[in-house]
Amino acid sequence: RALSSRCLVDPARALYRRRVGRRLVSDQGMLRSDIFFSIALAGGAAAVRLSPRMAAAAAAPIRITPQEHSVALVALGCPKNTVDAEVMLGDLQRHGLRVVREPENADIVVVNTCAFVEDAKRESVAAIVDAARLKADRSSRVRGLYVTGCMAQRYAEELADELPEVDAVVGFESYADIPSHVLATLSTSDADDTEPGLDSAAERASVLVGAATVPFRPENDRFQLTAAHTAYLRVAEGCDHACSFCAIPGFRGAFRSKPFDTALAEARLLVERGVREINLIAEDTNQFGSDWGEEDPRRLS
């Protein structure tokens, strides 16, 4: 039932793999980015597993000062991923974190990955490795690394196996829980005198991945990454087509339209904030409303 293949990331660099201090390094002593994946397409089982370190952090009292800590998000992939990233940043901002542009200036780095084509996978892994290098650097302020997006949803176990520097691999169903895990990481890291980068590499990353078909979350209170005058408005998610060349239904789930009134309310809020160009997005925008019944006049198809 599983289809396995091997995907070499960044083959031109011809790096080799060895373990030093339980970290992935290259022949230059830097974290490598040519990671092999055994890609298993076995089917959609939920996986939620906390590493011992993250479980201990979750159980500890959370003590952080609002605005004392910062988060940077590396946004990769399609406009739907951009909306996910904006909602994540909005959640983290409401929980007291400052949003900064550059990962090297952040306490927490989130890499929101794409898994649509091979080049996107390579770019995503390279971004994760770059962030892991920052976390492993004693002079860096980065204390936590979270991986989200389609690659996290599709290849969670492989990422956790190959990149123990990551604190957690988080799928769509667990996005709302990211702030609590981040706050726990920040609350406990000050008391941890282990060398940065080695503590998390000593154990496998947590995997917080559930179902691919998840309900819509409110997307109106988000940190906008686009220019002030333009914004994306997600009107549907998932896909029911069974195209042989496309794996999106396997990790974005079944097609479902956002409720019409919810989409309209989000559009009005965006306009109130100064947005003048709203771009409707979905895997298949033309299907918007097709799951409401043939007699519904609001459907596009």
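The values are calculated or read from the model by the stated rules, or taken from the named source; none is laboratory data. Keep in mind that what you see is a predicted model, and the values were worked out from it rather than measured. Every residue, glycine among them, receives a Cβ derived from its backbone with ideal geometry; neighbour counts consider all protein chains shown.
Tabulated values for the structure
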{"item": "Cross-chain or 6+ apart pairs with Cβ under 7 Å, region 85-105 first and touching a residue at least 12 places away in the same chain (Cβ under 8 Å) and surrounded by fewer than 21 Cβ atoms within 10 Å (Cβ to Cβ), then assigned to a helix (DSSP H, G or I) and among the polar types (S, T, N, Q)", "result": "Val99/Gln93"}
{"item": "Sole exception among (1) touching a strand residue (DSSP E or B) at 6+ places or on another chain (Cβ under 8 Å); (2) surrounded by fewer than 12 Cβ atoms within 10 Å (Cβ to Cβ) for Glu294, by number", "result": "(1)"}
{"item": "Arg256 under 19 Å from Gln153 (Cα atoms), touching a Phe, Trp or Tyr at 6+ places or on another chain (Cβ under 9 Å), at pLDDT below 95 and among the basic types (Lys, Arg)", "result": "no"}
{"item": "Residues located in region 81-109, provided they are under 17 Å from Val147 (Cβ atoms), charged (D, E, K, R) and part of a helix (DSSP H, G or I)", "result": "Asp84, Asp91"}
{"item": "Conditions (1) surrounded by fewer than 18 Cβ atoms within 10 Å (Cβ to Cβ); (2) over 26 Å from Thr285 (Cα atoms); (3) not basic (Lys, Arg); number of the one not met by Asp119", "result": "(2)"}
{"item": "Any pair with Cβ under 8 angstrom, 6 or more apart, that starts in region 152-171 at a residue that is surrounded by fewer than 24 Cβ atoms within 10 Å (Cβ to Cβ) and ends at one that is among the acidic types (Asp, Glu)", "result": "Pro164/Glu203"}
{"item": "Enumeration of residues in region 216-262 that are out of contact with any Lys or Arg (no Cβ under 9 Å at 6 or more places or on another chain), assigned to a loop (DSSP other than H, G, I, E, B), of a type outside the set (S, T, N, Q) and surrounded by 15 or more Cβ atoms within 10 Å (Cβ to Cβ)", "result": "Arg222, Phe223, Leu225, Gly253, Phe255"}
